Amino acid sequence: MVSPEAGLPLHVDYVAEGEGDVAEAIAYVLEVIGRPANATILAVTTLAVLAFVAGYLRVRPFRRDLAVLREALTEYRDLVPWLLRISLGMPLVGAGFAGYYFSPAVAVDARLLQVSLGFLLLFGLATRTVALAAVVAYLAAVPVYPRILLANEFVGGLLAVALLGGGRPSADHVLKRVADAPGTVYGRVDPVARFADRFQAWIRPYRRFLPTLVRATLGVAFLSLGVGEKLLQPGPALTVVAKYDLTAVVPVAPGLWVVGAGLAETAVGLALLAGLFTRATAGVAFTLFTLTLFALPDDPVLAHLSLYGLVSVLVITGGGPYSLDRRWFGTRDVPESDRGSPAPS
């Protein structure tokens with residue numbers, strides 16, 4: 001069975017210009033789906049996926065394996081703050097030096113701002129304050145540069161950093177240890193230690209909602225990619241198909257490439273929003289990212305690093321609260337109580 005979505009770039013605006021030759025997006029998509037050959041491929045692919053899922057749920061061949069896998073992955077939860085800081089800090093540093101503002105589609109040189117925010121995130125110094133400052137810097141640019149919304153995952157990702165703090169390893173964690181040690185000079189002069197302790201106590205109950213926040217962030221990102229950039233704007237996507245001769249890789253019509261990619265990304269986004277088979281869906285998302293980066297040599301790698309990081313977080317945490325995984329299967333991948341060491345903001 002062919003996979004019409006494999007290799008089509010996530011953000012078509014990063015590798016293609018113009019609106020293509022398609023004027024009526026919805027009419028075009030309906031026309032593509034209505035063609036007998038395309039309809040057959042899409043229907044067979046959909047039925048095959050549903051049959052596989054139904055068969056898996058009936059047989060459950062890897063119950064013990066998955067239980068051990070979940071247990072092993074949960075042991076990495078204390079490294080999630082570090083993973084988030086790296087996956088958001090490095091793109092900010094790269095954007096600063098490359099001369100664009102959060103998204104490669106916004107050619108604004110803000111090197112000092114983005115490099116400073118990025119390095120502070122990487123070091124884990126004043127992590128929560130820096131993350132919130134980056135959110136403000138992003139949102140302030142939206143009315144002026146609406147194309148920055150192509151990198152909408154930064155908002156949720158940075159809020160996730162603000163929720164967790166620096167974690168370890170981080171400068172915040174080290175300074176906290178020094179401040180808490182009896183007899184240290186720094187402990188007497190540290191201006192934020194007491195405030196940080198009170199803030200940690202206040203925010204601790206909400207940290208369990210991290211998977212929910214990340215799922216919502218990625219779900220919106222995939223819906224904007226699938227619906228906004230492909231199904232409602234097939235022109236640029238068709239340009240990409242022609243530019244890279246993707247029909248030579250998988251011999252289907254260009255329109256099916258675009259519609260197939262849009263439907264696949266939409267399905268992934270909905271599954272993430274619902275928290276359905278979260279780890280498996282995150283694995284599919286990871287595969288889509290990787291195929292894109294290997295297939296398209298001029299697709300900006302740094303621009304997708306934040307998405308890689310957020311997907312990796314879900315692989316560790318699972319669906320978390322308010323997910324269908326928890327409601328239907330009783331999966332509890334993230335402990336209700338946070339036993340990690342608090343770190344100052």
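Every residue, every condition in (1) under 29 Å from Tyr206 (Cα atoms); (2) free of Cβ contacts under 8 Å to residues at least 40 places away in the same chain; (3) buried (at least 19 other Cβ atoms within 10 Å of the Cβ), yes or no:
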| residue | (1), (2), (3) |
| --- | --- |
| Trp257 | no, no, yes |
| Ala261 | no, no, yes |
| Leu270 | yes, no, no |
| Thr290 | no, yes, no |
| Gly320 | yes, no, yes |
Quiz item: Within the range 199-218, is there a residue that is surrounded by 13 or more Cβ atoms within 10 Å (Cβ to Cβ) and over 24 Å from Thr278 (Cβ atoms)?
Solution: yes
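Being small (Gly, Ala, Ser), closer than 30 Å to Ser323 by Cα and outside the structural domain of Gly319 (by TED's automatic domain parsing) narrows it down to one residue among Ala196, Ala126, Ala221, Ala201; which is it?
Ala201
Please find, among Leu175, Leu218, the residue that is closer than 24 Å to Ile316 by Cα, assigned to a helix (DSSP H, G or I) and either in contact with a strand residue (DSSP E or B) (Cβ under 7 Å, 6 or more places away or on another chain) or not hydroxyl-bearing (Ser, Thr, Tyr) (or both). Explain how you work it out, then say what you get.
Working: Leu175 fails: closer than 24 Å to Ile316 by Cα.
It is Leu218.
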Practice problem: Test Val252 against the criterion of being assigned to a loop (DSSP other than H, G, I, E, B), closer than 23 Å to Glu229 by Cα and among the aliphatic types (A, V, I, L, M), and give yes or no. | Solution: yes
Quiz item: Any idea which of (1) under 18 Å from the mean Cα position of the chain (by Cα); (2) modelled with pLDDT under 90 is the one Phe222 doesn't satisfy?
Solution: (2)
Practice problem: Show the residue pairs that are 6+ apart or on different chains and have beta-carbon atoms under 8 Å apart, the first residue being within the range 124-136 and within 16 Å of Gly167 (Cβ to Cβ), the second being among the charged types (D, E, K, R). | Solution: Gly124/Arg85; Gly124/Asp172; Leu125/Asp172; Ala126/Asp172; Thr127/Arg85; Thr127/Asp172
Practice problem: Only residues that are surrounded by fewer than 22 Cβ atoms within 10 Å (Cβ to Cβ), more than 21 Å from Leu293 (Cβ to Cβ) and touching a helix residue (DSSP H, G or I) at 6+ places or on another chain (Cβ under 7 Å): list them for the range 232-251, please. | Solution: Leu232, Gln233
Quiz item: Inside the range 29-48, can you point out the residues that are surrounded by fewer than 13 Cβ atoms within 10 Å (Cβ to Cβ), under 27 Å from the mean Cα position of the chain (by Cα) and among the hydrophobic types (A, V, I, L, M, F, W, C)?
Solution: Ala48
Quiz item: Restricting the search to the range 115-135, which residues are surrounded by fewer than 17 Cβ atoms within 10 Å (Cβ to Cβ) and within 19 Å of the chain's Cα centre (by Cα)?
Solution: Leu132
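The values are calculated or read from the model by the stated rules, or taken from the named source; none is laboratory data. Note that the coordinates shown come from a computational prediction; the quantities given were computed from them, not determined experimentally. Methodologically, a virtual Cβ is constructed for each residue, glycine included, from the backbone with ideal geometry; neighbour enumeration extends over all protein chains shown.
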